[in-house]
1. Would you kindly derive the ³J(HN,Hα) couplings of region 16-31 from the backbone phi angles with the Karplus curve 6.51 cos²θ - 1.76 cosθ + 1.60 (θ = phi - 60°), listing them in order in whole Hz, with x for Gly and Pro?
2. Sorted by mean Cβ packing within 10 Å, highest first, what order do the peptides 31-44, 68-81 take?
Amino acid sequence: GVVGAARAAGPREESGFGRFAQEANLTGREAEVLRHLLDGHSNRRISRSLHISESTVKNHLHAIFVKLDTRDRTQVIAKVYRFMAQYAVRTAPPPSPSPSPSPSPSPSPSPSPAHMLPAQTLPAQTLPAQPTQPTPTASPQVGGDTAGACDAGG
């Protein structure tokens, strides 16, 4: 499951969960139940895995819900993963500087796209010419100009 993958991925994910359990004041058994819940296990499966009754699993889940101020399994899962994502960001090592480009120019430089060239090197017209539209003539079209007739009070 997800927690198993996190355990296999390395100690940071594991310590993130441990830190969450510690900050939430979970008991060791509540943390174990929570791990199974995160893996999507049913109450019955959790009870079998931990060798406790389903009633005890429900009691642990209720305690977890209260401590995390949540109403259901979905809210618990969301809260845990939100914490773990934030924890991973807080504890991640700083990014290493990116390697600088090589000082020697390549023998045949590849052409740069027009949008990356400095403005002064672009040709004057980069778009295809727009189709020309006929210019209106001074003579009125069929029907004449009626705009003036309305203004004359006619």
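1. So the Karplus estimates, Gly and Pro as x, are x, 5, x, 5, 4, 4, 5, 5, 7, 6, 7, 6, x, 5, 4, 5 Hz.
2. Working: 31-44: 18.3, 68-81: 14.4.
In decreasing order of mean packing, 31-44, 68-81 become 31-44, 68-81.
Values in this text are rule-based calculations from the coordinates and carry no lab data. Treat the numbers as computed from the prediction; the structure is a model and nothing was measured. All Cβ positions, glycine included, derive from the backbone under ideal geometry; neighbour counts span all protein chains shown.
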